[in-house]
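The values are calculated or read from the model by the stated rules, or taken from the named source; none is laboratory data. Given the structure is predicted, the values throughout are model-derived calculations rather than measurements. Using ideal geometry, Cβ is built from the backbone for each residue, glycine included, and neighbour counts are taken over all protein chains shown.
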Amino acid sequence: MRYQISGMHIDIGEALQTHVKDELGAAVSKYAERPTDALVVFSKSGHEFVCEATVHLSTGLTAQARASSPEIYASFDSCCEKMEKQLRRYKRRLKDHHKERTHPVELSGASTYILASKDDYEESEPDTLQPIIIAEMEAKIPSLSPGEAVMQMELAGAQFLVFRNEGKNSVNVVYRRDDGNIGWIDPQ
């Protein structure tokens, strides 16, 4: 597994990097067969240290965790526990479905845009009805089953996930509803 360990405006020493590699590697190897890479970022927020970790699995799923504590090692340990809990739930769900993915998830490219809000431009009438594009980025759309899409959305802590449905080869969306349930948009 490849590690990228960095600090935002703080120095990360060799001892902390070794601790992160050992502990995160042990936690991830228990529940994921082939993790590909891990990104761990330390930052400071007020008097607390914040640790954010992202682990990409070969199945295409991504697990994310975040924790804060007055001490940097304690923030990582708490973040690592959260990551381990997510991966344990993910593995349990895979076993519950009695389906293991034998091949990596296909990813297809798509463009994402950030549009200006009403506050970003003058209150006067715009010249055109076209929205003002602030940024354009590349996004990847995974090819998953609806159950895997829900797992990926929950692991990422996202409100929604756009994915290509493996069964129908069409673009679908799963989202978290206001009542706590999961919604699924499957166009005909």
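What the table shows:
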| quantity | calculated |
| --- | --- |
| Tally, over region 139-157, of residues that are at pLDDT 80 or above and in a loop (DSSP other than H, G, I, E, B) | 1 |
| Some residue of region 34-41 being within 29 Å of F163 (Cα to Cα) and in contact with a His (Cβ under 6 Å, 6 or more places away or on another chain) | yes |
| Residue in region 69-79 that is surrounded by 15 or more Cβ atoms within 10 Å (Cβ to Cβ) and part of a strand (DSSP E or B) present | yes |
| Hey, G25 at positive phi and either in a helix (DSSP H, G or I) or not assigned by TED's automatic domain parsing to the domain that holds K140 (or both) or not | no |
| Residue list for region 18-45, filter: of a type in the set (V, I, T), within 17 Å of the chain's Cα centre (by Cα) and surrounded by fewer than 20 Cβ atoms within 10 Å (Cβ to Cβ) | T36, V41 |
| Meets criteria (surrounded by 17 or more Cβ atoms within 10 Å (Cβ to Cβ), out of contact with any helix residue (DSSP H, G or I) (no Cβ under 8 Å at 6 or more places or on another chain) and either assigned by TED's automatic domain parsing to the domain that holds R93 or of a type outside the set (D, E) (or both)) for Q152 | yes |
